[in-house]
Amino acid sequence: MSARNPGMKLDLGWISKVRVNTHAVLKRAQTIQGHKTPKKQWQAAWLLKAVTCIDLTTLAGDDTPSNVHRLCLKAIQPVPYHLLNKMDMHDQGVTTAAVCVYPSRVADAVKSLKAANSSLAVASVATGFPAGQTPLETRLQEVRLAVADGATEIDIVINRTLALTGQWEAMYEEVRQFREACGDAHMKTILAVGELGTFTNVYKVSLVAMMAGSDFIKTSTGKESVNATYPVAIVMVRAIRDYFLCTGHKVGFKPAGGIRTAHESLLWLTLIKEELGHDWLCPHLFRLGASSLLADIERQIYHHVTGQYAAYHELPMA
């Protein structure tokens with residue numbers, strides 16, 4: 001991942017000056033959605049790039065050691081070997097970027113990956129996911145326990161109440177404490193954009209999260225009614241760009257929730273390339289939080305290689 005974001009002092013002056021032009025954001029999002037995506041071998045190459053940026057995720061109430069084990073094996077070999085072989089990519093080490101699970105399943109994921117001799121990252125959601133409404137000490141302890149079990153990335157959720165009431169010092173302080181509890185683990189901060197009300201709020205929350213030391217900012221938990229949308233992403237990545245111009249530090253971006261098709265993954269890569277540039281087009285600075293996206297990417301790669309679409313039994317499910 002990227003070099004750790006050291007954070008900075010909370011700059012309330014910068015935050016108070018923030019104004020987002022909603023019309024301009026929506027217009028830019030429309031342009032992104034209207035882009036033609038690459039075809040043939042160029043599309044296949046971009047889809048493999050998307051695979052390497054996926055945090056392959058299971059956050060279900062009925063998660064068990066066995067379905068986490070299956071998820072890990074899928075993350076290690078996300079695209080069937082024979083398809084990669086036909087594309088001359090079989091020896092390129094194509095895996096997803098990480099697996100993402102609940103804290104109570106971290107040990108299962110670590111065990112499965114170790115048994116498979118894989119160094120793939122294990123990410124864990126924490127801090128009272130998805131609502132972030134449990135007591136602060138409970139949320140901090142959850143981070144510490146996930147790290148102790150072997151998680152190398154922690155996806156925290158902010159307390160939306162603090163964001164909605166403009167309590168920036170309190171929000172900054174909480175995120176700083178989460179950063180500390182993460183230790184050597186990288187921290188992705190989930191803003192839950194569907195619950196923040198306005199684009200201006202999204203920009204402000206993005207800034208506070210980065211000032212407090214977040215290595216990534218992430219759109220959503222996937223449990224809100226509105227998740228990753230292009231307009232919100234534009235606001236967040238421009239906050240990332242402004243933070244970089246101000247501090248020289250690159251913070252990563254992770255859209256999550258509702259990203260299901262190969263076509264969408266290509267649009268997300270286009271958005272990042274155009275708004276932040278090539279440096280961000282890697283797992284160190286860009287992740288896609290997804291559970292069902294990989295299946296559609298596989299189908300498209302199968303089609304590219306064979307000229308026909310696979311029957312369901314031909315591609316193993318995660």
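The values are calculated or read from the model by the stated rules, or taken from the named source; none is laboratory data. Predicted model only: the values in this text are computed from it and were never measured. Glycine also receives a Cβ, built like all others from the backbone with ideal geometry; neighbour counts cover every protein chain displayed. Ligands, DNA and RNA are stripped out before the accessible areas are found, and what is left, the full protein with its side chains, is counted by its heavy atoms. Shrake-Rupley method; radii C 1.70, N 1.55, O 1.52, S 1.80 Å.
Summary table below
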| quantity | calculated |
| --- | --- |
| Kirkwood hydrodynamic radius of the chain, Cα pairs, Å | 19.8 Å |
| The chain, helix-only ellipticity at 222 nm - DSSP H runs n ≥ 4, -39,500 (n - 2.57), divided by all residues, nearest 500 | -14500 deg cm²/dmol |
| Nitroxide proxy distance, nm - points 7 Å out along Cα→Cβ at D88 and E274 | 3.1 nm |
| Pairwise label distance in nanometres, V226 with K40, each label 7 Å out on the Cα-Cβ vector | 4.1 nm |
| Most mobile listed residue (H263, H303, H284) in the chain, GNM with C-alpha springs under 10 Å | H303 |
| Relative packing of 121-127, 227-233, 52-58, which averages over residues the other C-beta atoms within 10 Å, highest first | 121-127, 52-58, 227-233 |
| Distance from the range 10-78 to the range 169-193 (C-alpha centre basis), Å | 20 Å |
| Distance between modelled label sites at T138 and K111, nm, 7 Å Cα→Cβ extension | 2.7 nm |
| Dipole magnitude of the range 12-306 about its Cα centre (Cβ charges: Lys, Arg +1; Asp, Glu -1), debye to nearest 20 | 840 debye |
| Net lengthening on full extension, Y312/C282 (0.36 nm per residue, minus Cα-Cα) | 7.8 nm |
| Accessible carbon and sulfur surface of the chain relative to its total accessible area, %, 1.4 Å | 53 percent |
| Above-threshold pairs, the threshold being 25 Å between Cα atoms, out of K250/K273; K114/K218; K40/K86; K36/K250; K86/K188 | K114/K218; K36/K250; K86/K188 |
| Cα centroid separation - the range 79-136 against the range 237-278, whole Å | 21 Å |
| Interchain or long-range residues, amide H under 5 Å from V101's placed H | A123, S124, V125 |
| Amide H partners (placed H, <5 Å) of A290, local residues excluded | D55, T57 |
| Length-normalised contact order of the chain in % [C-alpha pairs under 8 Å, at least 6 apart] | 22 percent |
| Cα shape, the range 9-128, gyration tensor, a/c 1.5 rule | oblate |
| ³J(HN,Hα), Karplus 6.51/-1.76/1.60, whole Hz, each residue of the range 244-251, x for Gly, Pro | 4, 5, 7, 10, x, 10, 8, 9 |
| Fluctuation leader among V157, V94, V51 - the chain, Gaussian network, Cα springs under 10 angstrom | V94 |
| HN-Hα J in Hz across the range 40-54 - Karplus 6.51, -1.76, 1.60, θ = phi - 60°, x for Gly and Pro | 6, 5, 5, 5, 4, 5, 5, 5, 5, 4, 4, 4, 5, 9, 7 |
| Candidates E274, E142, E224: whichever shows maximal mean-square fluctuation once the chain is modelled as a Gaussian network with Cα springs under 10 Å | E274 |
| Phi to ³J(HN,Hα) by Karplus 6.51 cos²θ - 1.76 cosθ + 1.60 over the range 118-131, Hz, x for Gly, Pro | 10, 9, 4, 6, 10, 9, 10, 6, 7, 6, x, 4, x, 8 |
| Low-density loop positions, trypsin sites (Lys or Arg not before Pro), the range 1-73 - DSSP coil, at most 16 other Cβ in 10 Å | R4, K9, R19, K36, K39 |
